[in-house]
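Here is the structure we will look at.
The values are calculated or read from the model by the stated rules, or taken from the named source; none is laboratory data. Keep in mind it's a predicted model, so treat the numbers as computed, not measured. Neighbour counts are summed over all protein chains in view; Cβ atoms, including those assigned to glycine, are modelled from backbone coordinates with ideal geometry. Calculation scope for accessible area: heavy atoms of the full protein, side chains included, ligands and nucleic acids excluded. Shrake-Rupley method; radii C 1.70, N 1.55, O 1.52, S 1.80 Å.
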Amino acid sequence: MRCLSFKYLAWSASVIFPAVFLVGMPSPAAGADSVWQQPAPQDVRLEGGEIGRRIAVTVEGNILQLNIEDDFLRPFRQRNAGGGYVGLGKLIDSVVRFAAHTRDPRLIELKRKVIAEITATQEADGYIGIMKPEARMWSLWDVHEMSYLVYGLTSDHEFFGEEASLAAARRLADYIMNRWEAEPDAKPGGGSITVYMAVTGLENAFLALSRQSGDAKYRDFTVRFRALPAWDARIVVGRHGPIEGHIYAYLCRSIAQLRLSDWLPDDRLWGPSRAALDFLLHREGLVVTGECGDHECWHDTQAGTINLGETCATAYLIRFLDEMLRRTGDSHYGDVMERAIYNALFAAQSPDGRRIRYYTPFDGPRSYHPGDTYCCPCNYRRIVAELPGMIGYAAPDGIAINLYTPSVITHHLPDGAAVTVRQETEYPRTGTVRVTITPDRPREMALRLRIPQFCEKAVITAPWLERPLERSGGGWAEIRRRWQPGDTLELALPMSLRYVKGRRSQVGRVAVMYGPVVFCLSRAAHPELKDTDLRLLTLQPESLEGPFPNDAVHPGGMACRVKAWGPGDWYPHGSPRFTLTLTEFPDPQGEATYFHVPDPYDPRFVDDELIVPAD
């Protein structure tokens, strides 16, 4: 990828970095009509694949196993807390979306029951929450809790047409507006952290409510009172002071700005998004696994220890990339999204679906969050419920396929036509994707296939093509033709194992990848490494082989093998002491991802294709 223009952006009060913007760096779309549209949840059917499996285990192994009565509902009935957070609105939103996607009667009944229980607690002034009266609004996280309740209830109206849920959402939103407008100088959280962090989710909830209710006052509140167009936050590295560098809060509000820009064309609404992308893709803000942040906040050291990659940040990064891709058509965002999904996101959940992590380091042991409430478990469920909508999109002139996974999706184009797209594939274990296009009638349109940047040359074959089409990695393969019902094509995305060079604190080390998948080393699977510092292992690069089928992490998974010298061994002349089996990064026992090598300048090692350094 090339670089275009230069300008200066301030990341902190004392340090200014020159920002190099990618070609195609986002500019305001020409209104909502130009935004690529996600399919409705009920129009997506997953037919296997790891995305489909994760959705299934999140429903069966997590949501349907929760003690919702004691852990989620009881605090709202008691309403005697002076602080704290549950995340019930996030849970409602995820259950609503899973119910809409699967049409599982158990989920439909669950969302009805939970919503009936929580709306029964709504007080005369509209309040729904866990706080005692004197702690409401201004105690830390109360507005945050209420905002996601507004969002979840609004989602119930969006996907199921429930008017009672919309009415409850409006009353709760009115409570927030009335209280805050009566005390405009009051700060939720008491000023201990940035206000936008303390009320994370408010603007997105109000924009969704305005769209569903048709009442502009909720949108106007985000513009007039919350000054959303004027928000121009800095990228602050590290966790200090009022926590300005909180990634989840930053990306959440950036998404709200993008959504507002569909109604209100204003270039200022794109500023924080551009700054985030510049930091992630040019300034070492993104690590090889598709994660960002240390201890919830921006970091650029490339270290990957205990507090790497808050799950909320991963969820909102994926959601942010989806919003960017649909507004700009830039496939680079799909490449990063794919990396984050198959590594950062899926590693944040146990393979059986039951447990969820707060952080997912790539260096050192990992741990699970001890409970089912709070931000990370609830945001994990939400983003997994949204994945079906990110597989493909309806553009004004046709269809774009973003994620390759076995599926059947019916897209509704702006002119009312319906086009069904079937994918048959074992991606990312293999790079072959068979696509069947079935429009409701023969029609002229464009089909776009995302070609990942790791693929040197993609090949498309079809019975209706005179000769194969070839496309280098990066961008879209676009085919414009008159499509007949049942037209098929085959996309080949050649993949091989590759060594990706580490950066900054990982210089001189390499990670092993295959397509979008990062591999890791499990000490538990290698008893001979019980007392070995994994950072001191040295790989023998030429011994790498695979990948081969391996179900240790999930059905249909893969692994690879490589030989390594131990700490202090006389490499490269001595024989390697160990034969290592590297598994996919979501391996719950994974402890090492980057490895020392004899020659850090070995020409076989490649740069991470997703990153364009600023220097």
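Key figures for this structure:
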read-out	value
Complete set of residues in segment 217-258 that are over 16 Å from ARG274 (Cβ atoms) and basic (Lys, Arg)	LYS217, ARG219, ARG224, ARG226, ARG239
Qualifying residue in segment 339-348 (condition: outside any helix (DSSP H, G or I) and either open to solvent by less than 10 Å² (accessible area, probe 1.4 Å) or at pLDDT below 95 (or both))	yes
Filter result for THR373 (more than 18 Å from HIS295 (Cα to Cα) and of a type in the set (Ser, Thr, Tyr))	yes
Residues located in segment 181-226, provided they are surrounded by 23 or more Cβ atoms within 10 Å (Cβ to Cβ) and hydroxyl-bearing (Ser, Thr, Tyr)	THR200, TYR218, THR222
Test: residue in segment 328-345 that is polar (S, T, N, Q), out of contact with any Leu (no Cβ under 8 Å at 6 or more places or on another chain) and more than 23 Å from GLN589 (Cβ to Cβ)	yes
Within segment 445-501, considering residues that are within 26 Å of the chain's Cα centre (by Cα) and acidic (Asp, Glu), the one surrounded by the most Cβ atoms within 10 Å (Cβ to Cβ)	GLU478
Tally, over segment 106-128, of residues that are open to solvent by 10 Å² or more (accessible area, probe 1.4 Å), in contact (Cβ under 8 Å) with a residue 40 or more places away in the chain and part of a loop (DSSP other than H, G, I, E, B)	3
The listed residue being modelled with pLDDT of 95 or more, of a type in the set (D, E, K, R) and either assigned to a loop (DSSP other than H, G, I, E, B) or closer than 17 Å to PHE585 by Cβ (or both), out of ASP322, ASP352	ASP352
Test set (1) over 22 Å from ALA169 (Cα atoms); (2) open to solvent by 20 Å² or more (accessible area, probe 1.4 Å); (3) among the hydroxyl-bearing types (Ser, Thr, Tyr) - TYR316 fails condition number	(2)
Residues located in segment 434-455, provided they are under 16 Å from SER331 (Cβ atoms), out of contact with any helix residue (DSSP H, G or I) (no Cβ under 6 Å at 6 or more places or on another chain) and assigned to a strand (DSSP E or B)	ALA446, LEU447, ARG448, LEU449
Selection count, segment 256-295, where residues are surrounded by 23 or more Cβ atoms within 10 Å (Cβ to Cβ), hydrophobic (A, V, I, L, M, F, W, C) and in a loop (DSSP other than H, G, I, E, B)	4
THR58 in a loop (DSSP other than H, G, I, E, B), β-branched (Val, Ile, Thr) and open to solvent by less than 40 Å² (accessible area, probe 1.4 Å)	no
Close pairs from segment 289-315: first of a type in the set (S, T, N, Q), partner open to solvent by 20 Å² or more (accessible area, probe 1.4 Å) and not in a loop (DSSP other than H, G, I, E, B), Cβ under 7 Å, at least 6 apart	THR301/ARG504; THR301/SER505; GLN302/ARG504; GLN302/SER505; ASN307/ASP294
Within segment 233-264, tally of residues that are at pLDDT below 95, touching a Pro at 6+ places or on another chain (Cβ under 8 Å) and not aliphatic (A, V, I, L, M)	0
Lone unmet requirement of (1) open to solvent by 30 Å² or more (accessible area, probe 1.4 Å); (2) out of contact with any Phe, Trp or Tyr (no Cβ under 6 Å at 6 or more places or on another chain) for TYR571	(2)
Residue in segment 82-97 that is in contact (Cβ under 8 Å) with a residue 12 or more places away in the chain, buried (at least 17 other Cβ atoms within 10 Å of the Cβ), on the phi < 0 side of the Ramachandran plot and not in a helix (DSSP H, G or I) present	yes
Residue within segment 170-180 that is charged (D, E, K, R) and either open to solvent by less than 10 Å² (accessible area, probe 1.4 Å) or closer than 25 Å to SER254 by Cβ (or both) present	no
Condition check for THR305: under 14 Å from the mean Cα position of the chain (by Cα) and not acidic (Asp, Glu)	no
Matching residues, segment 296-313, being out of contact with any helix residue (DSSP H, G or I) (no Cβ under 6 Å at 6 or more places or on another chain) and open to solvent by 10 Å² or more (accessible area, probe 1.4 Å)	GLU296, HIS299, ASP300, THR305, ILE306, ASN307
Matching residues in segment 579-614 - criterion: being closer than 15 Å to GLN302 by Cβ and in a loop (DSSP other than H, G, I, E, B)	THR593, PRO600, ASP607, ASP608, LEU610, ILE611, PRO613, ALA614
Matching residues in segment 135-169 - criterion: being in contact (Cβ under 8 Å) with a residue 12 or more places away in the chain and either open to solvent by 30 Å² or more (accessible area, probe 1.4 Å) or not in a helix (DSSP H, G or I) (or both)	ARG136, MET137, TRP138, SER139, LEU140, TRP141, GLU158, PHE159, PHE160, GLU162, ALA164
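Residue by residue, here is whether (1) among the acidic types (Asp, Glu); (2) farther than 28 Å from ALA559 by Cβ holds:
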| residue | (1), (2) |
| --- | --- |
| SER350 | no, no |
| ARG366 | no, no |
| LEU387 | no, no |
| GLY398 | no, yes |
| SER407 | no, no |
| THR410 | no, yes |
| ASP415 | yes, yes |
